[in-house]
Structure formats: C-alpha cells, structure tokens
Amino acid sequence: MNNVTKFQISKPRSEVFEAFVDPEKIGNFWFSSSSERWEQGRNITLTYDLYHAEVNIDVVEMVKDEKIVFKWGPREEEHTVTIRLTESDHHLTIIEVDEDGFIESDAELISKLLDNKEGWVYMLTCLKAYLESGVTSLRGGLLK
C-alpha cells in the first residue's frame, strides 16, 4: 500500500531537485544535514539534530530534475519513496511524493498513513517556504 502527497512550488523543477540532492540545501527545509550529494547507487546518511535522529537511505534511481527514488526504514518494514517533479507553465513545479511499503494488515495502518502524510505535507511546506521566500526556520517547528 502506498501514500501519495502532491504539492505545487513556484520554482523551476531544477531548483526543487537541487534542494533535495545538494547537502548544502537540504538542511534549509528537511533534515539538518546529508552526508553527501545524492546520486543513484549511493547510501546517504541523513541527520536530524533536533530529534537526535539519523536515517540511512539507499538512492536506487535518479533522473535529473525529474525523479528521485530511495529506500529507507528497517529491512522488514522498508519503504520506497518516489519523488516526481513535473514542470508546468510559468516555472511552476508539481512535486509528487509516493511512499510505498505500508502493510495493509497492520492494525495501526491508518495511524501510520496519517502520520506519514503529515510528515510529507510538513516537509513540502518547509520546502515551499525555503524556495519561494528564503524561509529556513520552519524545519524544526513540528512537534510530535
């Protein structure tokens, strides 16, 4: 089972793509830091200082300015995340995040899907604020 989130950002998709893959930019809207530039076949360590968290992702596919696919989570519950970027008229980018790997028989499925959706919407809101208005202080605002 998957969970899809779509968002519109008023920037060209090349800028949106670079915000994810460039370690100097990702800390402005999502994780505190990225161990290196995202490239297909690499294992990247993402750190979130505020929550004392670290996660490893395996970048399995990349198409410059169009798509990023990575896997994350423990092997027994691994999820695949696909980020697609589509540019419309006037340099508007539609960003679609599709996370697959939710177990339909899980008793907590609805709660996990809602929590997941909340996280993606929040991250995309921070990305929009960063790219469109230069706001870099939203990232640490979500409380659990």
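Odds and ends about this structure:
- For region 49-54, backbone phi angles converted through the Karplus equation (6.51, -1.76, 1.60; θ = phi - 60°) give residue-by-residue couplings of 4, 4, 9, 6, 10, 9 Hz, Gly and Pro being listed as x.
- If you take all other residues with their beta carbon under 11 Å from the beta carbon of Asp98, and give Lys and Arg +1 and Asp and Glu -1, the sum is 0.
- The stretch between Thr47 and His91, if pulled fully straight at 0.36 nm per residue, gains 12.8 nm over its current Cα-Cα span.
- One equal scatterer on each Cα of the chain, no solvent, Debye formula: the resulting log10 I(q)/I(0) at q = 0.13 Å⁻¹ is -0.56.
- Percent RCO, i.e. relative contact order, over the chain, from Cα pairs under 8 Å lying at least 6 residues apart: 29 percent
- Degrees, to the nearest 10: 109-133 long Cα axis against longest axis of the chain: 10 degrees
- Placed amide H near Val135: partners under 5 Å, 5+ positions off or other chain: Tyr130
- Approximating the spin labels as points 7 Å out from Cα along Cα→Cβ, the Glu39-to-Asp58 distance works out to 1.9 nm.
- Counted by neighbouring Cβ atoms within 10 Å, the residues Phe20, Phe29 run from fewest to most as Phe20, Phe29.
- Label positions at Ala107 and Glu78, each projected 7 Å from the Cα along the C-beta direction, are separated by 2.8 nm.
Read the figures in this text as sums done on the coordinates, not as results from a lab. None of the values given here were measured: they were computed from a predicted structure. Note that we place each Cβ from the backbone using ideal geometry, even for glycine, and neighbour counts take in every protein chain shown.
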